[in-house]
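Peer 1: Provided herewith is a single structure, encoded as structure tokens, for subsequent inquiry.
The values are calculated or read from the model by the stated rules, or taken from the named source; none is laboratory data. Since the model is a prediction, treat every value here as computed from it, not as a measurement. Positions of Cβ are generated from backbone atoms using ideal geometry, with glycine treated the same way; all protein chains shown enter the neighbour counts. Ligands, DNA and RNA are stripped out before the accessible areas are found, and what is left, the full protein with its side chains, is counted by its heavy atoms. Shrake-Rupley method; radii C 1.70, N 1.55, O 1.52, S 1.80 Å.
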Amino acid sequence: MIKRSLVILIFISFVFNNCSKTNKSISNSVRIYTNEAYFRDAEKYIEENYEMHEYRIPMRDGKNLFTLMLTPKDKSEKYPVMLCRTPYSIAKSWGKYGFRIFKYGLSKQFYEDKFIFVFQDVRGRFRSEGEFENMRPHLKEYKSNEDIDESTDTFDTIEWLIKNLQNNNGNVGMWGISYPGFYAAAGAVNAHPALKAVSPQAPISDWFWDDFHHNGAYFMSDAFGFFAIFGVKRDSLTPRWPNPVYSIKSNNGYDFFLNELGAVRNIKDKFYKNQIAFWNQFVEHPDYDEFWQERSILPDLKNIKPAMLNVGGLFDAEDLFGSFKIYSTIEKNHAPDKENYLVIGPWGHGDWARTDGTNLGDVKFGTNPLPSLYYRDKIELPFFKHHLKNAKSQKLAEATIYETGTNKWREFNHWPPENIELKQLYLHENGKLSFNKPENDNDPFDEFISDPANPVPFIEDTVLRTPKEYMVADQRFASARPDVLVYQTDILQENITIAGNIMARLKVSTSASDADWVVKIIDVYPDDFKNEKMQEYQQMVRAEIFRGRYRYSFEYPEPFIPNEISEVNFELMDILHTFKKGHKIMVHVQSSWFPLADRNPQKYVENIYKAKEEDYVKAMHKVYRDSENSSHLLVGVLEK
């Protein structure tokens, strides 16, 4: 949900059959559109058919939340309500009404089908009263009207809407992309009886894994620019964004974060000027303590009553964790007769709402159907129409997932699929990768020097922002570095489809007392691939970083004992990807991913955000791959 500059940041909010017994491909076609003409037509339609109203809706503690509504001019029938709550301003932009489509992601077909659309500044943001709290903790009990959280604010809002809006049919749906996706999920907790359907899309679920942290590592290139404006405290009720406390002048992100910013400890005073309260809290809580634990919505997703449509992108650089974890948590806790669906497409963050989904960077996906249009026309709209208007529709599959590599939608009656075989993909000597366990113990490890003064870039270009395309970017630049270990299979003689979660299981040691570990799984294209640009392309399919101090506990970190072998196990999150015949599977292991993630000093310090320049030291890292200490990836191979 994080964005990388003022312009990109503001655009955060512009995001707007019974399950079969066997898996099946989907080939339905949908109409093609061009963005400019499509949105211009949609804006015109809304201006002609809707009217806008402003309200300040009272909460149980007396605070009023600023709310905008689009209501159909046709009063001859009753309409359901579609509610989106956001920490980003709902102020008007780009014409009288048309901004709503850009900003919140619903297709023109929603507006043509007629709903009452409600947009609200959450408590403490822009024109809503009260104090804002990031990822406001959910209360375990309510002792008085002063006890509020995002669930109660949603409940009170819906209660007011149902009682005060003319021509509403008593049914409410809720959706949101990114941070608004968190508010959608929060609204489903202790839900108002009128809330019948909810769609958290690319939602934040837990800020120790979404957005700003990944397995304890600080995602710096995203978070730095985001908090420089989002974290500025407002001085009045206003629709306007504040000025950022700091704007990066350089276009070279690698150089800026390495040489101008330096140690993360410099952010608070030198760059934020001690004006970002949440960053000050962030720095004081480097581990997964109560501060972060209570901001996770996952433990509160129990007894969820609305139907849930969980949506995400396979290549979401920000909230991939939340998309899968909110679905799986509800799945564990909900009754068998409750509806809880998962849709994951070939998208970056929120791209189903603003692109046709046919490519991400150099990587092309299918055009028949267009991935985004298929989702919007065949899944999202029918889901809400069914639950809010009692419209007949084909029952959704439990999980509708886009299979990359072969580029097709697939339906599953369970996610991860039940028909997968768990296999170990082992690292071998001489850069080999195989499903066979190593037997040669004469050469037990590979090693490299990790230097915080020369960290491995996360992308070849020295860009300032974090381009979403890095999730599928060519990795040949990294393969050429001496501080990246590279392993690859022989040329595949048949297709191999990996589905579900990937677990990295490493046996490692370091000459220092701390280390990060980055693992990537990569699809290597053949040298005779039909698209010349993609010949020998090394497409990143999934990657993740792990801060080694948390190998035993995220709450209680521990240093490494120098040169002693340790286990480091972590998940890379789910994929559905076919490595095609003629391709190779490649794995990278490295120790930095800069400036996407901050540098590990490699000298253990109690609070890594307070490490001094002299704490950043070189270290020799080893990855073991013999018969006893067999580093590998645990993957699910989909049966044919």
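Peer 1: Could you list, bin by bin from short to long, the percent of Cα-Cα pairs of the range 268-311 in 5 Å steps?
Peer 2: 5, 17, 17, 15, 12, 11, 11, 7, 4, 1
Peer 1: Let me ask something else. What are the extents of the Cα atoms of the chain along their three principal axes, in Å, largest first?
Peer 2: Here the spans come out as 81, 55, 44 Å, largest first.
Peer 1: Taking N as the number of residues in the range 151-290, what is its alpha-carbon radius of gyration divided by 2.2 N^0.38 Å?
Peer 2: This ratio for the range 151-290 stands at 1.34.
Peer 1: In whole Å, how far is the Cα centre of the range 582-640 from that of the range 518-551?
Peer 2: If you average the Cα positions of each part, the centres end up 15 Å apart.
Peer 1: Each label point is 7 Å from the Cα along the Cα-to-Cβ direction; what then is the distance between the points at GLU628 and ASN167, in nm?
Peer 2: So the two model labels end up 7.7 nm from each other.
Peer 1: Could you work out the helix-only [θ] at 222 nm for the chain, with each DSSP H run of four or more residues adding -39,500 (n - 2.57) and the total divided by the number of residues, to the nearest 500 deg cm²/dmol?
Peer 2: Taking each H run of at least 4 residues, the total per residue is -5000 deg cm²/dmol.
Peer 1: Would you calculate the volume per residue, in Å³, of the smallest convex hull containing every Cα atom of the range 386-516?
Peer 2: Per-residue hull volume (Cα only) is 218 Å³.
Peer 1: Then there is this: With +1 on the Cβ of every Lys and Arg and -1 on the Cβ of every Asp and Glu, and nothing else charged, how large is the dipole of the chain about its Cα centre, in debye rounded to the nearest 20?
Peer 2: It comes to approximately 2220 debye.
Peer 1: Remind me, what semi-axes does the range 529-568 give for its equivalent ellipsoid, largest first in whole Å, using sqrt of 5 times each Cα gyration tensor eigenvalue?
Peer 2: Output for the range 529-568: semi-axes of 39, 12, 6 Å.
Peer 1: If eta is 1.567 mPa s and T is 4 °C, what Stokes-Einstein diffusion coefficient results for the range 273-389, Kirkwood Rh from Cα pairs, in µm²/s?
Peer 2: My calculation gives 77 µm²/s for D.
Peer 1: With a/c under 1.5 counting as rounded, go ahead and sort the range 129-202 into rounded, prolate or oblate using the C-alpha gyration tensor (a ≥ b ≥ c being the square roots of the eigenvalues; past the cut-off, prolate if a/b is larger than b/c, else oblate).
Peer 2: oblate
Peer 1: Among ALA397, PHE383, ASN419, whose Cα sits farthest toward the positive end of the charge dipole of the range 337-442 (+1 at Cβ of Lys/Arg, -1 at Cβ of Asp/Glu, about the Cα centre)?
Peer 2: PHE383
Peer 1: Using DSSP to define loop residues, name the chymotrypsin sites (Phe, Trp or Tyr not before Pro) in the range 432-510 whose beta-carbon has at most 11 other beta-carbon atoms within 10 Å. Before the final figure, lay out the partial values.
Peer 2: On the way: sites: PHE435, PHE445, PHE448, PHE458, TYR470, PHE477, TYR487; in loops: PHE435, PHE458.
Passing sites in the range 432-510 do not exist.
Peer 1: Rounded to the nearest 5, what is the percent of antiparallel bridges among the DSSP beta bridges in the chain?
Peer 2: Taking every DSSP beta bridge with both residues in the chain, the antiparallel ones total about 70 percent.
Peer 1: Starting from the Cα-Cα distance between ALA91 and TYR552, subtract it from 0.36 nm times their residue separation and give me the gain in nm to one decimal.
Peer 2: 161.3 nm
Peer 1: Classify the range 491-581 from the C-alpha gyration tensor, please: rounded if a/c falls under 1.5, else prolate or oblate depending on whether a/b exceeds b/c.
Peer 2: Values: a/c = 3.17, a/b = 2.33, b/c = 1.36.
It is prolate, given that a/c is not under 1.5 and a/b is the larger ratio.
Peer 1: Follow-up question, since we're still on this one. Roll a 1.4 angstrom probe over the protein heavy atoms and tell me the percent of accessible area of the range 350-435 that is carbon or sulfur.
Peer 2: About 42 percent, which is the carbon plus sulfur part of the accessible surface.
Peer 1: Nearest 0.05, what FRET efficiency do ARG476 and GLU133 give at R0 = 35 Å with Cβ-Cβ as r?
Peer 2: That gives a FRET efficiency of 0.20.
Peer 1: Restricting to Cα pairs below 8 Å that are 6+ residues apart, what does the relative contact order work out to for the range 129-184? Please round to a whole percent.
Peer 2: Working: 21 pairs, mean separation 12.5, N = 56.
Relative contact order comes out at 22 percent.
Peer 1: Next question. For ILE420 and GLU284, FRET efficiency with R0 = 60 Å and r from the beta-carbon atoms, rounded to 0.05?
Peer 2: Efficiency, rounded to the nearest 0.05: 0.90.
Peer 1: Accessible area of the range 436-499 with a 1.4 Å probe: how many percent of it is carbon plus sulfur?
Peer 2: 45
Peer 1: Given contacts defined as C-alpha pairs under 8 Å and at least six residues apart, what's the relative contact order of the range 437-524, whole-number percent? Don't skip to the end; give the middle numbers.
Peer 2: Numbers: 23 pairs, mean separation 24.0, N = 88.
In percent, rounded to a whole number, it is 27.
Peer 1: Another one. Report the paramagnetic label zone for LYS610: residues of the range 508-537 whose backbone N is under 20 Å from a point 7 Å from Cα along the Cα-to-Cβ axis.
Peer 2: Residues passing the 20 Å test: 513-515.
Peer 1: A further question follows. Could you work out how far the C-alpha centroid of the range 264-309 sits from that of the range 163-209, in angstrom?
Peer 2: Centre-to-centre (Cα) distance: 21 Å.
Peer 1: Choose one of PHE182, ASN167, GLN275: the residue whose Cα lies farthest towards the positive end of the charge dipole of the range 138-282 (beta-carbon charges +1 Lys, Arg; -1 Asp, Glu; about the Cα centre).
Peer 2: Looking along the dipole axis, the top candidate is GLN275.
Peer 1: Between GLU460 and ASP269, what is the spin-label point distance in nm, taking each point 7 Å from the Cα along the Cα→C-beta axis?
Peer 2: Going from the GLU460 label point to the ASP269 one covers 4.2 nm.
Peer 1: Starting from 0.36 nm per residue, how many nanometres of slack lie between ASP113 and ASN569 once their C-alpha separation is accounted for?
Peer 2: Numbers: separation 456, 0.36 × 456 = 164.16 nm, distance 4.86 nm.
That works out to 159.3 nm of additional length.
Peer 1: List the GluC sites (Glu not before Pro) within the range 267-314 that fall in a DSSP loop (any state other than H, G, I, E or B) and whose Cβ has at most 13 other Cβ atoms within 10 Å.
Peer 2: When the GluC sites (Glu not before Pro) of the range 267-314 are filtered for loop state and at most 13 Cβ neighbours within 10 Å, nothing remains.
Peer 1: Probe of 1.4 angstrom, ligands and nucleic acids ignored: what's the accessible area per residue over the range 47-200, in square angstrom?
Peer 2: That works out to 33 Å² per residue.
Peer 1: A further question on this structure: Which value in nm describes the separation of the simple spin-label points at ALA391 and SER76, placed 7 Å from the Cα toward the beta carbon?
Peer 2: Label at ALA391, label at SER76, 1.8 nm between them.
Peer 1: For ASP528 and GLN493, what does the FRET efficiency come to when R0 = 25 Å and r is the distance between their Cβ atoms, rounded to the nearest 0.05?
Peer 2: After rounding, the FRET efficiency stands at 0.95.
Peer 1: What does the accessible area per residue of the range 452-529 come to in Å², with a 1.4 Å probe and no ligands, DNA or RNA counted? Could you put the intermediate results ahead of the total?
Peer 2: Working: 2720 Å² over 78 residues.
So the range 452-529 comes to 35 Å² accessible per residue, rounded to a whole number.
Peer 1: Rounded to whole Å, give me the distance from the Cα center of the range 117-138 to that of the range 387-407.
Peer 2: Computed from Cα coordinates, the inter-centre distance equals 31 Å.
Peer 1: I would also like to ask the following. If you keep only loop residues by DSSP, which trypsin sites (Lys or Arg not before Pro) in the range 286-368 have at most 13 other Cβ atoms within 10 Å of their Cβ?
Peer 2: Filter output for the range 286-368: LYS302.
Peer 1: On to the next question. Within the range 168-249, what whole-number % of the accessible surface is contributed by carbon and sulfur, with the 1.4 Å probe and all protein chains included in the calculation?
Peer 2: 51
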